[in-house]
Amino acid sequence: MILKKLLSLTKLLKRPDTETAFAVYGSVVAQAREPAFYLDVPVPDTVDGRFEMIILHVFLLIDRLRGQGDKAAELCQQLFDTLFDDMDRSLREMGVGDLSVGKKINTMAEAFYGRAGAYQDALDKEDREELIGALTRNIFPEVSAEDVSRAGIEKLADYLAANRLELARQAVDDIIVGKITFVPLAPATESNQDV
């Protein structure tokens with residue numbers, strides 16, 4: 001009986017716009033897990049590599065919704081909160097101790113803000129080389145720039161720029177309700193498969 005009351009209370013308190021944030025976050029995660037990123041760029045298919053791709057896509061949406069009104073701002077905050085709630089849950093599932101989770105989440109949030117700033121600056125200046133540099137540093141921190149596939153990272157930079165334009169064409173009202181379309185990563189060609 002008490003459980004039923006708690007469940008019904010939870011349903012009453014759960015705001016529909018939070019459900020939208022979960023749906024939008026689900027779209028972001030699905031896009032970030034597209035195999036082309038891990039095969040054609042190749043982004044490392046690791047926890048860190050997947051985190052990088054998720055925050056890249058969250059950045060794109062927050063960048064698009066910035067300054068677009070109260071509903072957009074609320075979705076941005078909920079999307080950000082959902083991202084870090086998911087990261088918290090994932091860290092705990094991986095066995096990270098309770099005392100360490102908060103520190104790791106703070107580090108991840110700092111990483112998000114740093115990357116978002118770097119990507120936004122490069123995109124605002126339309127500086128492809130700066131964007132390539134930021135992507136290389138962030139996605140391949142343990143690899144020297146010479147060892148990163150130039151063709152792959154260029155494709156990722158072009159993908160980011162193309163999706164910023166694509167999202168700008170999409171109505172804010174559609175994005176707010178979770179109707180989001182991403183331009184796919186350009187397919188690998190024979191000339192860049194071996195790079």
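What follows draws every value from the coordinates through simple rules; no lab data is involved. Remember, predicted model here, so these are calculated numbers, not experimental data. Cβ: placed from backbone, ideal geometry, glycine included. Neighbour counts: every protein chain shown.
General remarks:
- Excluding the site residues themselves, the longest part of the chain lacking any GluC sites (Glu not before Pro) in a DSSP loop with at most 12 other Cβ atoms within 10 Å is 1-125.
- Rough spin-label spacing in nm, given labels placed 7 Å along Cα→Cβ, for Glu130 and Asp174: 3.0 nm
- Kirkwood-based Rg to Rh ratio, segment 99-188, C-alpha trace: 1.03
- Simple spin-label estimate for Ala109 and Arg33 in nanometres, 7 Å along Cα-Cβ: 2.6 nm
- Nearby aspartates and glutamates by direct alpha-carbon distance to Lys155 (threshold 13 angstrom, same-chain neighbours under 8 apart not counted): Asp40, Glu129
- Karplus-derived HN-Hα couplings along segment 87-96 (A = 6.51, B = -1.76, C = 1.60, θ = phi - 60°), whole Hz, x at Gly and Pro: 5, 4, 4, 5, 4, 5, 5, 7, x, 5
- For the chain, the longest principal axis of the Cα atoms and the long axis of helix 47-65 meet at an angle of about 80 degrees.
- In segment 87-179, the chymotrypsin sites (Phe, Trp or Tyr not before Pro) that fall in loop regions by DSSP, at most 15 other Cβ within 10 Å: none
- Principal semi-axes of the equivalent ellipsoid, √(5λ) from the alpha carbon gyration tensor of the chain, are 31, 21, 15 Å from largest down.
- Taking the C-alpha atoms only, the angle from helix 2-13 to the longest principal axis of the chain is near 60 degrees.
- Per-residue Cβ neighbour rank within 10 angstrom, fewest leading, Arg169, Arg64, Arg164: Arg169, Arg164, Arg64
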